[in-house]
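Undergrad: Structure provided below as structure tokens; questions to follow.
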Amino acid sequence: MTKILNILFGKTETIDTGLRGTSEGSLYVDKTVFYKRAKVRAAIKKLKDSSVIQQQIEDSKIAV
């Protein structure tokens, strides 16, 4: 069956997103794979460099 689908649609490239499943049907995130993804690292870097986030961190330090 997969041979026929590959012929019709071409070979699809699989990307490891870090999402895993158990035999019971539960989903979980494989953190080591997830955080190595370029998109995730870029999003985290963008959040760290955000002035709004920096201000909230400073405000929480003052309040405590």
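The values are calculated or read from the model by the stated rules, or taken from the named source; none is laboratory data. Given the structure is predicted, the values throughout are model-derived calculations rather than measurements. Counting neighbours? That spans all protein chains shown, and the Cβs are built from the backbone with ideal geometry, glycine included. Heads up: the accessible areas ignore ligands, DNA and RNA and are worked out on the full protein's heavy atoms, side chains in. Shrake-Rupley method; radii C 1.70, N 1.55, O 1.52, S 1.80 Å.
Undergrad: I'd like the chymotrypsin sites (Phe, Trp or Tyr not before Pro) in the chain restricted to DSSP loop residues with at most 14 other Cβ atoms within 10 Å, sorted by number.
TA: Tyr35
Undergrad: The list (i) 15.7; (ii) 13.3; (iii) 12.8 gives values of Kirkwood radius over Cα pairs in Å, and only one came from this structure; which label was calculated from it?
TA: (i)
Undergrad: Roll a 1.4 angstrom probe over the protein heavy atoms and tell me the percent of accessible area of the chain that is carbon or sulfur.
TA: Details: 3760 of 6170 Å².
Accessible surface attributable to carbon and sulfur in the chain totals 61 percent.
Undergrad: Okay, moving on. For the range 48-53, in order, what is each residue's ³J(HN,Hα) by Karplus, 6.51 cos²θ - 1.76 cosθ + 1.60 with θ = phi - 60°, in whole Hz (x at glycine and Pro)?
TA: 5, 8, 5, 5, 5, 5
Undergrad: If we count every other residue with Cβ under 12 angstrom of Lys31's Cβ, Lys/Arg +1 and Asp/Glu -1, where does the sum land? Walk me through the intermediate numbers first.
TA: Values: positive: Arg20, Lys36, Arg37; negative: Asp30.
Overall, the nearby charge balance is +2.
Undergrad: Skip the ligands, DNA and RNA, and give the accessible area per residue of the chain with a 1.4 Å probe, whole Å².
TA: Values: 6170 Å² over 64 residues.
I get 96 Å² per residue for this part.
Undergrad: Over the chain, with a Gaussian network built from C-alpha contacts below 10 Å, which listed residue (Lys48, Lys36, Lys11) shows the highest mean-square fluctuation?
TA: Lys11
Undergrad: A follow-up question, please. Which lysines, if any, have their Cα less than 30 Å from the Cα of Lys45, not counting same-chain residues under 8 positions apart?
TA: Answer for Lys45, where 30 Å is the Cα cut-off: Lys31, Lys36, Lys61, listed by chain and number.
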